[in-house]
1. Pulled fully out, how much extra length does the chain show between Arg78 and Ala215, if you take 0.36 nm times their separation in residues and subtract their Cα-Cα distance?
2. Considering only protein heavy atoms, with the full assembly of protein chains and a 1.4 angstrom probe, order Arg638, Arg218 by accessible area, largest first.
3. Taking only protein heavy atoms into account and a 1.4 Å probe, give the accessible area per residue of the range 215-276 in Å².
4. Mind grabbing the accessible area of Thr59 for me, 1.4 Å probe, Å², rounded to tens?
5. What shape does the range 215-276 take by its C-alpha gyration tensor, where a ≥ b ≥ c are the square roots of the eigenvalues and a/c under 1.5 counts as rounded, a/b above b/c as prolate, and the rest as oblate?
6. I'd like the accessible area for Arg237, computed on protein heavy atoms only with a 1.4 Å probe and all protein chains in place. Round to 10 Å², please.
7. What do you reckon, how do Met234, Met76 stack up by accessible area (1.4 Å probe), largest on top?
8. With the cut-off at 31 Å, tell me which of the pairs Lys392/Lys478; Lys178/Lys321; Lys231/Lys478; Lys231/Lys319; Lys406/Lys445 have Cα atoms farther apart than that.
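The values are calculated or read from the model by the stated rules, or taken from the named source; none is laboratory data. Keep in mind that what you see is a predicted model, and the values were worked out from it rather than measured. Cβ sites come from the backbone with ideal geometry, for glycine too, and all protein chains shown count toward neighbours. These area figures cover heavy atoms from the full protein model, side chains too; ligands, DNA and RNA do not enter into them. Shrake-Rupley method; radii C 1.70, N 1.55, O 1.52, S 1.80 Å.
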Amino acid sequence: ESPSFHSRFTTLTIAREARSKHGAKDGAVGTSQGCANASSGAATAVTTALFEPGGDGQTPQVVVLVGAPGMGKTMMVRKVMVEWGEGTLHTQFDFVFCVDCKAITLPMEASVADLVSQCCPGLRVPAGKILDDQKKILFIFDGFEALGFSLVRLEAELSSDPREVKPLELTLMSLLKKTVLPKASLLITTRPTALGSLGQCLEGEYYVEILGFSAAGREEYFHRYFENPNKGDMAFRFARGNQILYSLCVIPAMSWTICTILEQELCGTKNLLECSKATTGMMMFYLSQLLKHRDRDNPEVLQQFLLRLCSLAADGIWKHKVLFEEKEIKDYGLDQPGLLPFFLNERIPKEGEDHGSVYAFTHLHLQEFFAAMFYILEDDGETVSSLGRLEKDVNKLLESYSKSRKDLNVIVRFVFGLVSQNSIEYMDKTIGCRISPRAREELLKWLQGRHRGLSQPGQALKVSEMDTFHFLFEMNEKSFAQSALGHFTDLDLQDTQLTLYDQMALSFCIQHWDGLGCVTLQGCSFHWQDPEAELDASVPCSGVSGAGGHPGALAVRRREELPCPIHLLCRALRHRGSALRVLRLQWCRLSESCCVELAALLAEHPGLARLELGDSSLGDSGVRLLCEGLRTPGCRLRVLR
């Protein structure tokens, strides 16, 4: 009910459709990979007016809100309650009763009247009197899958009297089946895994699937989370500059995870360019939040389940497969209702389809994360071999990636991130998973060997792709980076568009690369967010406070606040102990703003003897700035081109 709820709530995207009897059998609620998969026309920005007449003119009495974990179902319920309480929506109801199925502490036997009293213990009106006008009542069941009831009941067992005390399962079934209070309205939120059984006991229900945040919704959420517009800009730019993170932000809980971590980073460093959390760290934090409410009594059960889940994920990646049949779920031993819904969505078959339910991970990148865990989770040797499908050989993964399977890049990146010392400790302490450090040696050997064809030790590391730097940045260990790169004295990088994530990874490696004497960047461009979505003053961010009133003010202000394009590179080159002698930035579209950074580098780096800035638009004023650096006593430059 607090004002902060309104300031934080961000519009979601939904797909809405009516179902006839046995609804879940007619047309399927998707295994949403987020908004990207929403068919055109089916997905709309959500209002919380769920009980308004639909396209067919019918006002639904039963609405089922479907979504994977973290998609925002409970937040939607809160929004409904707040708006009803304020009198802005759903004013047709005099009473709204919300039952949190995850935290339900009801007696084994109860009547509908008891349910009402339990929901609102302070009610002055007798429960019986409230129930007389059924049309004015809305019951909300949030987290229906948590009840775990059998929904198959004989009609004769059900109740028709709201005051009749029956076993709790029968009382709830009577409400769902409409044998009691048939004119009352119901709003049920559930994960896709409970849809099959739920659909069998509802009639004429409408299904609303939450698909997550659209591109505009993601940006809006970041700005709402950080009330300070500058911090909101900075955090969103950070996420936008990392393709994997940005894609995952379609899941509201993942957006919350990233904002929470970045908020902590901003408190500590005041500068996200020094953020120590790479993609893997954020994924681990998300996993820990996802599993926060599970039963922690038996960590062995979780370890065994994760081994099986990761084996399924990896097998799917190798076969380019994202949908898994019910038989596969059972064969892998994953049919555990206490754990399965955290990770997989269930898709109910359409009428006429002859297969059972199929399952998918909430997002492809989550499947890739679990596939990476397959290679490094400790096991007793029996679990994986009993599944017998896939060899747990990290060398085979690396070899396939090197030769032809470039689609394995994200998995290899996560493998590097997961075997860092910090990750091993975090997974053990926070989630209760044991990671084997054995793969570290194989990863190092592979990294050292993969550039030997193009580059000789003691000479230039010639690269046209950024993946080596990404892998080392994900691991984030100084000594490992030094071991992988220390054989090379020069870096030669050509024709690369450098996103913010690329620049952070490159800077990390340069900072921990003792003996790096020569850096050559040819035809490279520096971007502060996704190159395809560079800031455009003509497209202001909608609905965000702090936009300065003028339509393009926010985008213009952002442009002014951006550091110069080579800020991260120059900062890394200035680190103490740098052996840099030669810096070549050729055809890199440098502008006047870069000269401030270059002048500082000249002033502070006594070892720098040669600077080449071919084909840049420095302008007269840029050269003047450069000259200020050349005049400083610390400058030892011998050659300027």
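1. Answer, rounded to one decimal: 47.0 nm.
2. Arg638, Arg218
3. For the range 215-276, the per-residue accessible area is 34 Å².
4. The value for Thr59 is about 80 Å².
5. The shape class here is prolate.
6. 30
7. Putting Met234, Met76 in descending order of accessible area: Met234, Met76.
8. As for pairs spanning more than 31 Å Cα to Cα, those are Lys178/Lys321; Lys231/Lys319.
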